[in-house]
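Right, one structure below, let's go through it.
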Amino acid sequence: MSAAPTDTGTAPVLAGRVVLVAGAHGGLGSAASQACARAGAIVVLLGRKVPKLNRLHDAIVKDGGQALLYPMDLEGAAPDDYAELAERIGQELGRLDGVLHCAAEFKGLTPLLHTDPADFARALHVNLTARWWLTQACLPLLQQAPDAAVVFAIDDLDLTGRAFWGGYGIAQQALATLVGMLDAELGAASPVRVAGLQPGPMRTTLRGRAYMADQDRDARDPANWAGACVELLSAAGAAHRGRVWKPAA
């Protein structure tokens, strides 16, 4: 799947929509943010590394897209901080049509017995709790849109459920459960649908903490799955609601 929709002469699939990307300056987050902007969305770039956010913002604008910066460290943010974020998006942009969760925390493969307690708690918080707090804060605004989506990027569930993946792996399994649970609670009549995206192996800094680069020949550029992010955030994403989608690259 391409990193951006093919130009068919029709309106871009995300035209008029506002999309919030958490972890926007990471591998998948950056590629998805640019693809969403090319698909017509106004993209709110959420992340903790301001210089990287600035470079991403400039690249989107140079390409003719629209983006706004919202620096935030998900590790230290409290529920009130997410509520303030949602309120500011509502006040400044008037709507929110999608949230894409790409922010992640992973120290590396470690036996549970030897995992630092703070690292374990941090992995669960950034990869699971913070994602939910952000989603919960944004839901009232998302529910005002005619067609909205919450998309969670989820790592390989079979792989990360094995030994040594620690709090990060546990969070991935929980996210898959959250997708189905939240979508069921919102119900089929809700304008907000929930889905998970399980991309294939990607060449990212996070994956580099688990694999040697010269031995990881299956990993591909995150841009290969940016188009799938756009699809899930668009009206076409209704076909995947309530489940974790594993698209081909």
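Of all positions in segment 41-63, at least one carries a residue that is more than 20 Å from the chain's Cα centre (by Cα) and closer than 27 Å to residue 245 by Cβ. Answer yes if at least one residue in segment 79-89 is touching a Ser or Thr at 6+ places or on another chain (Cβ under 6 Å) and at pLDDT 95 or above, and no otherwise. No, segment 79-89 contains no residue that is touching a Ser or Thr at 6+ places or on another chain (Cβ under 6 Å) and at pLDDT 95 or above. (1) surrounded by 13 or more Cβ atoms within 10 Å (Cβ to Cβ); (2) of a type outside the set (Ser, Thr, Tyr); (3) in a helix (DSSP H, G or I): which one isn't true of residue 58, the others all being true? Only one criterion in (1) surrounded by 13 or more Cβ atoms within 10 Å (Cβ to Cβ); (2) of a type outside the set (Ser, Thr, Tyr); (3) in a helix (DSSP H, G or I) is unmet by residue 58, namely (1).
Inspect segment 33-52 for any residue being in a strand (DSSP E or B), at negative phi and in contact with a Phe, Trp or Tyr (Cβ under 6 Å, 6 or more places away or on another chain) and give the result as yes or no. Checked segment 33-52: at least one residue is in a strand (DSSP E or B), at negative phi and in contact with a Phe, Trp or Tyr (Cβ under 6 Å, 6 or more places away or on another chain). Could you please let me know if residue 149 is small (Gly, Ala, Ser), in contact (Cβ under 8 Å) with a residue 12 or more places away in the chain, over 22 Å from residue 231 (Cβ atoms) and touching a helix residue (DSSP H, G or I) at 6+ places or on another chain (Cβ under 8 Å)? So residue 149 fails the test.
All of 118, 137, 149, 104 fail the test of being part of a helix (DSSP H, G or I), hydrophobic (A, V, I, L, M, F, W, C), out of contact with any His (no Cβ under 9 Å at 6 or more places or on another chain) and within 28 Å of residue 236 (Cα to Cα), apart from 137. A search for C-beta distances below 6 Å between a residue of segment 167-184 that is over 11 Å from residue 152 (Cβ atoms) and any residue that is crowded, with 23+ Cβ neighbours inside 10 Å and of a type in the set (Phe, Trp, Tyr), counting only pairs 6+ apart in sequence or on different chains, returns 168/106.
One residue alone among 74, 124, 93, 85 is over 18 Å from the mean Cα position of the chain (by Cα), more than 12 Å from residue 21 (Cβ to Cβ) and of a type outside the set (Lys, Arg), and that residue is 93. Looking at 161, 208, just one residue is in contact with a helix residue (DSSP H, G or I) (Cβ under 6 Å, 6 or more places away or on another chain), surrounded by fewer than 20 Cβ atoms within 10 Å (Cβ to Cβ), modelled with pLDDT under 95 and over 15 Å from residue 102 (Cα atoms), and that residue is 161.
The values are calculated or read from the model by the stated rules, or taken from the named source; none is laboratory data. Note that this is a predicted model, so its numbers are computed, not measured. Reconstructed Cβ throughout: ideal geometry from the backbone, glycine too, with neighbour counts over all protein chains shown.
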